[in-house]
Amino acid sequence: MKTVYVDNNATTAIAPEVLGVMQPYLTSDYFNPSSMYDAARSSAEAIESARRTVASCLGGIDPDQIIFTGSATESNNAALFGTVQANPERRHVITTTIEHPSVLEIGKELERRGQEVTFLSVDHNGELVLDDYVRALRSDTLLVSIMMANNETGVCYPVAELARIAKETDPGIVVHTDATQALGKLPVDLQGELQHVDLLSFSGHKIHAPKGVGSLFVRRGTRWRPFILGGHQEKGRRAGTENVPYIVGLAKACELAIAGVADEQSRVRNMRDRLQKALVERIPAVEVNGKQAAVRLPNTLNLAFHGIEGEAILFELSRHGICASSGSACTSGTLDPSHVLKAMQVPFTAIHGSVRISLSRYNNEDDIERIIEVLPDIIARLRKLSPYWNDERNCLEI
Ligand code: PMP
């Protein structure tokens with residue numbers, strides 16, 4: 001049975017071109033880039049070349065502002081804790097209720113450590129209310145951290161505008177964005193649209209590089225302190241021997257992602273839209289979460305089926321070779337609905353029945369056909385077993 005992989009917001013396949021450029025640094029060029037002998041020089045040069053590539057992919061910025069990290073989670077930790085540590089005089093942080101846990105949990109930790117944190121909520125479309133944001137900005141606001149695109153719903157946030165408003169209110173406010181799901185799907189231009197963003201995080205494994213490598217952009221002049229201390233690597237801004245092959249792979253992946261933003265993403269969007277239309281036509285009582293949002297990632301489809309469990313749907317999809325994921329996280333034996341869908345007030349009859357399908361440039365029309373062929377039957381079968389589903393009338397009954 002052919003595997004249909006549609007869980008690309010969780011992780012992506014490594015691109016063959018990425019593996020190709022990594023290979024020498026996994027085998028013959030294994031040297032520590034800090035070593036003095038000639039043989040190590042190519043490793044050190046490879047890192048600097050990767051830095052230039054990433055910088056050019058983010059709008060042609062000065063490469064010195066790029067720091068390589070071990071993940072977007074690390075980048076987010078470094079961004080938030082590094083800003084708070086460098087600015088003890090300001091106490092207020094603004095973020096949202098729909099951030100990835102690698103920002104959300106830091107927000108909660110900062111509260112425990114005495115910061116005041118505003119968690120902005122979202123409306124039914126998953127969008128922020130601009131007035132709420134403007135009202136939240138205060139004279140002691142230190143940091144705004146709002147993601148570019150949500151990993152569960154694909155809803156995108158107007159970070160360029162939010163950053164501009166923050167700087168107009170007070171140029172001292174530091175603006176961070178988690179661009180992990182946006183890079184490669186939306187333009188990320190730190191010289192242009194995003195010129196008011198000070199810190200930006202992203203990860204390799206969402207753009208066809210390996211897991212375990214990421215990056216943090218720190219705009220020159222930002223009041224920020226390094227988060228991981230130790231050796232002098234990354235100009236003292238992130239200690240630890242550099243992961244040369246992964247850094248080289250990350251840069252190649254950025255290059256490929258940026259090259260494809262327009263063409264590849266419009267092909268991906270067409271596939272997603274066709275899938276969405278076909279499933280909504282064939283399956284009753286389904287919500288497309290984030291459908292009304294002004295901007296949604298072209299690759300993401302988050303569906304909530306009334307009256308059934310997302311986990312059961314995923315299990316059935318998996319039996320057909322289809323790898324998708326659920327909006328709800330299974331934590332320590334209790335099924336908690338997704339914090340994102342909860343924030344969007346998805347009806348309780350549907351919040352447990354959510355499934356996220358996320359495509360990449362490696363998906364094709366056959367994959368879409370296969371899902372259209374299989375999913376409506378799965379939903380119908382599961383609903384037959386649901387106490388909340390009236391099979392005769394083909395509708396939810398509670
Ligand atoms: N932010 C977002 C929006 C994400 O989707 C993810 C990965 N799910 C992360 C951060 C964390 O990335 P990493 O796995 O590289 O730590």
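The values are calculated or read from the model by the stated rules, or taken from the named source; none is laboratory data. Fair warning: this is a prediction, and the values are worked out from it, not measured in the lab. Quick reminder, even Gly has a Cβ in these numbers, built from the backbone with ideal geometry, and neighbours come from all protein chains shown.
Just a few scattered comments:
- The residue that is nearest to Ile14 (Cα to Cα), among those in the range 383-398 that are in contact with a Phe, Trp or Tyr (Cβ under 8 Å, 6 or more places away or on another chain) and either among the aliphatic types (A, V, I, L, M) or in a helix (DSSP H, G or I) (or both), is Arg383.
- Residues (in contact with a strand residue (DSSP E or B) (Cβ under 6 Å, 6 or more places away or on another chain) and either of a type outside the set (Lys, Arg) or at pLDDT below 95 (or both)) located in the range 241-274: Ile247
- Condition met for Arg272 (surrounded by 17 or more Cβ atoms within 10 Å (Cβ to Cβ), in contact with a Pro (Cβ under 7 Å, 6 or more places away or on another chain) and charged (D, E, K, R)): yes
- In the range 153-180, of all residues being within 12 Å of the ligand (Cβ to nearest atom) and farther than 16 Å from Ser203 by Cβ, the one that is surrounded by the fewest Cβ atoms within 10 Å (Cβ to Cβ) corresponds to Cys156.
- Asp38 vs. criteria within 16 Å of the ligand (Cβ to nearest atom) and of a type in the set (D, E, K, R): no
- Test: residue in the range 200-218 that is free of Cβ contacts under 8 Å to residues at least 24 places away in the same chain and on the phi < 0 side of the Ramachandran plot: no
- Residue check, Lys185 surrounded by 18 or more Cβ atoms within 10 Å (Cβ to Cβ) and under 30 Å from Val288 (Cα atoms): yes
- Test result for Tyr25, surrounded by 14 or more Cβ atoms within 10 Å (Cβ to Cβ), of a type in the set (Phe, Trp, Tyr) and in the same structural domain as Gly82 (by TED's automatic domain parsing): yes
- Leading residue by the ranking (farthest from Asn8 (Cα to Cα)) among those in the range 335-372 that are hydroxyl-bearing (Ser, Thr, Tyr) and buried (at least 24 other Cβ atoms within 10 Å of the Cβ): Ser338
- Qualifying helices (runs of 4 or more DSSP H) (wholly inside the range 42-146; at least 1 residues being over 30 Å from Val346 (Cα atoms) and modelled with pLDDT of 95 or more): 72-86
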